[in-house]
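Colleague: One structure coming up, written as structure tokens, with questions to follow.
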Amino acid sequence: MVRDRFAPSPTGDVHIGSLRTALYNYLFAKKNSGTFLLRLEDTDRTRLKEGAVDTLLDALYETGVIPDEGLVLADGEISQKGDKGPYIQSERLPIYQEYIQKLIDSGDAYYCFCTKERLDEVRQKQKENGETPRYDGHCRNLSREEAEKRIEAGEPYVVRLKLPEGKDISFDDAVRGHVTINTSDLDDQVLIKADGFPTYHFAVVVDDHLMDVSHVIRGEEWLPSTPKHVYLYDLFGWKQPTYVHLPNILNKDHKKLSKRQGDVSVADFIKKGYLPEALINYLALLGWSPKDDQEIFSLEELVNAFDLERLNNSGAVFDPEKLNWFNAHYIKALGNEEMKAQMKPFLSQAEISLTEEELDKLVPIVRERIEYFSQVPEIVEEMRVSDFTPEGEEVKEILTAPQTPILRKALIEKFSALDSFEPSDIQGVFKEIQKEHKKDKIRGKMLYMPARIMLTGVMHGPDLGAILSFIGKDEALRRLERAEAFTGTD
Ligand code: GLU
């Protein structure tokens with residue numbers, strides 16, 4: 001029975017790398033009719049951020065990566081589901097206490113009273129001698145009696161793992177293959193901190209075991225810690241989970257993707273108007289590749305196609321343009337009502353208020369043009385600029401061509417006569433003019449180009465009929481009148 005988990009710390013925004021980890025766990029669990037758990041790893045009390053749990057659940061629920069067990073949303077409220085809880089580590093302290101006691105009793109963990117000052121000093125000296133800084137084992141051989149006396153006297157302490165010296169620890173990773181690390185390269189890891197909370201390394205092992213986790217799918221930054229985890233499984237006589245360490249997401253210069261390079265959090269992308277389907281589709285392919293070259297996948301299709309064998313074993317480069325390509329694809333497929341619903345918050349943010357009719361007219365223009373929805377206000381503003389001065393050699397050439405003033409008059413005359421000003425009516429006008437002005441050579445480029453320049457100031461843009469219908473007949477006529485200043489006379 002597959003049981004896997006996403007186990008984030010509530011430290012703030014959800015990085016897209018975290019969403020990818022959650023997604024792969026979700027896909028793997030669903031593919032195998034298993035269970036996907038969400039556990040909160042909040043034992044580092046110094047890094048907690050208020051609101052982080054809400055942000056986390058929002059990111060998962062918005063993108064459809066919904067946990068079956070553990071921390072869930074029920075009727076919009078955060079709650080815990082399942083019989084292996086609590087699923088919040090800070091609510092599990094007595095459990096960690098019970099298990100650390102076993103290790104202390106068996107001599108596999110020990111109390112350590114070293115102060116921060118002493119540890120800093122040791123590290124400093126090791127650095128000066130060119131050694132890798134690590135705990136020097138000062139308290140490793142304190143007798144239990146002495147340790148207990150010092151605890152009773154109120155001395156602060158931590159509990160450390162007593163790693164055997166010079167021992168190879170090996171495990172198999174689904175992505176990295178067989179990994180071996182010698183304990184001489186590892187520290188006597190702190191398992192319980194001075195505040196009584198477990199460290200991540202201890203809590204993760206106890207919880208993964210007690211929650212029956214079969215597969216640990218997580219970021220590769222945890223690979224170097226895994227031998228410590230594996231050693232703890234062995235000490236307790238527990239069965240190891242299958243480890244799957246996912247390669248990092250990199251930016252273009254192949255460094256780990258971080259906030260300094262721009263948007264990295266799920267909320268950033270949602271705020272900018274990326275669709276959850278597009279984010280999920282793109283992230284799925286950022287570290288995993290399907291059997292064929294299919295690129296567009298729904299979440300359901302991903303579940304069917306996903307496997308651990310096709311995970312990449314080197315870092316995946318995050319390409320914002322490719323993400324834009326996916327997003328534009330999903331935007332093109334949206335229905336009119338969905339388009340309007342997506343556009344509205346961005347328009348009101350920019351204080352642009354439009355009638356339903358105007359919104360309807362905006363939809364086809366936007367659908368073809370944007371890569372994400374926060375680009376919408378700009379498009380509207382662009383279309384609304386009416387005091388433009390056409391610029392550039394070619395533009396001027398077209399405006400002063402002999403056909404242009406004739407076209408201008410014809411457009412004014414025909415637009416004025418229209419009762420309805422839909423894109424199709426406007427198209428009709430252009431067709432008529434072309435037919436009626438064969439002798440004036442108003443056709444092809446010398447029809448649409450001068451019209452577009454007179455009406456928008458530039459040579460290229462969205463469908464002219466759609467723009468004109470959006471700005472309305474009066475505004476179109478006003479612009480044509482005004483264009484007299486730029487065109488030659490007939
Ligand atoms: N709390 C760890 C993190 O935030 C979880 C790592 C793991 O999955 O074991 O990355």
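The values are calculated or read from the model by the stated rules, or taken from the named source; none is laboratory data. For clarity, every value in this text was computed on a predicted model and none was experimentally measured. Cβ: placed from backbone, ideal geometry, glycine included. Neighbour counts: every protein chain shown. The area values use the complete protein model at the heavy-atom level, side chains included, leaving out ligands, DNA and RNA. Shrake-Rupley method; radii C 1.70, N 1.55, O 1.52, S 1.80 Å.
Colleague: When the residues of the stretch 7-21 are narrowed to those that are within 10 Å of the ligand (Cβ to nearest atom) and assigned to a helix (DSSP H, G or I), which ends up most open to solvent (accessible area, probe 1.4 Å)?
Modeller: Residues of the stretch 7-21 within 10 Å of the ligand (Cβ to nearest atom): 7-11, 15, 17-18, 21.
Imposing the further condition that a residue be assigned to a helix (DSSP H, G or I) reduces the set to 17-18, 21.
Details: Gly17: 15, Ser18: 42, Thr21: 20 Å².
Filtering the stretch 7-21 for residues that are within 10 Å of the ligand (Cβ to nearest atom) and assigned to a helix (DSSP H, G or I), the one most open to solvent (accessible area, probe 1.4 Å) comes out as Ser18.
Colleague: Would you check if Asp44 is assigned to a strand (DSSP E or B) and either within 11 Å of the ligand (Cβ to nearest atom) or polar (S, T, N, Q) (or both)?
Modeller: Numbers: assigned to a strand (DSSP E or B): no; either within 11 Å of the ligand (Cβ to nearest atom) or polar (S, T, N, Q) (or both): yes.
No; evaluated as a whole, the condition is false for this residue.
Colleague: Considering Gly196, Gly166, which residue is away from the ligand (no atom under 14 Å from the Cβ), open to solvent by less than 50 Å² (accessible area, probe 1.4 Å), not aliphatic (A, V, I, L, M) and not in a helix (DSSP H, G or I)?
Modeller: Gly196
Colleague: Test each condition in (1) open to solvent by 60 Å² or more (accessible area, probe 1.4 Å); (2) basic (Lys, Arg); (3) part of a helix (DSSP H, G or I) for Lys414 and report the one that comes out false.
Modeller: (1)
Colleague: Hey, another quick one. For the stretch 326-353, give me the residue count where each residue is in contact (Cβ under 8 Å) with a residue 24 or more places away in the chain and open to solvent by 80 Å² or more (accessible area, probe 1.4 Å).
Modeller: 3
Colleague: Restricting the search to the stretch 354-383, which residues are of a type outside the set (D, E, K, R), open to solvent by 10 Å² or more (accessible area, probe 1.4 Å) and not in a helix (DSSP H, G or I)?
Modeller: Listed by number, the residues that qualify are Leu354, Thr355, Tyr372.
Colleague: Of the residues in the stretch 73-107, how many are part of a loop (DSSP other than H, G, I, E, B), at pLDDT 95 or above and either open to solvent by less than 30 Å² (accessible area, probe 1.4 Å) or not small (Gly, Ala, Ser) (or both)? Don't jump to the end; show me each part of the working.
Modeller: Pass one, the stretch 73-107, residues part of a loop (DSSP other than H, G, I, E, B): 75-76, 82-87, 92, 106-107.
Still in the running and at pLDDT 95 or above: 82-84, 86-87, 92, 106-107.
Those left that are additionally either open to solvent by less than 30 Å² (accessible area, probe 1.4 Å) or not small (Gly, Ala, Ser) (or both): 83-84, 86-87, 92.
So the count comes out to 5.
Colleague: Which condition does His229 not pass, out of (1) open to solvent by 50 Å² or more (accessible area, probe 1.4 Å); (2) in a helix (DSSP H, G or I); (3) of a type outside the set (S, T, N, Q); (4) out of contact with any Leu (no Cβ under 8 Å at 6 or more places or on another chain), if it passes all the others?
Modeller: Every listed condition holds for His229 apart from (1).
Colleague: Which of the following residues is in contact with a Phe, Trp or Tyr (Cβ under 7 Å, 6 or more places away or on another chain), within 14 Å of the ligand (Cβ to nearest atom), touching a residue at least 12 places away in the same chain (Cβ under 8 Å) and of a type outside the set (Phe, Trp, Tyr): Val179, Val206, Val213? Don't jump to the end; show me each part of the working.
Modeller: Numbers: Val179 fails: within 14 Å of the ligand (Cβ to nearest atom); Val213 fails: in contact with a Phe, Trp or Tyr (Cβ under 7 Å, 6 or more places away or on another chain).
Selected residue: Val206, the only one of Val179, Val206, Val213 that is in contact with a Phe, Trp or Tyr (Cβ under 7 Å, 6 or more places away or on another chain), within 14 Å of the ligand (Cβ to nearest atom), touching a residue at least 12 places away in the same chain (Cβ under 8 Å) and of a type outside the set (Phe, Trp, Tyr).
Colleague: Does Asp4 meet the test of being within 14 Å of the ligand (Cβ to nearest atom) and part of a loop (DSSP other than H, G, I, E, B)?
Modeller: Numbers: within 14 Å of the ligand (Cβ to nearest atom): yes; part of a loop (DSSP other than H, G, I, E, B): no.
No: the conditions fail for Asp4.
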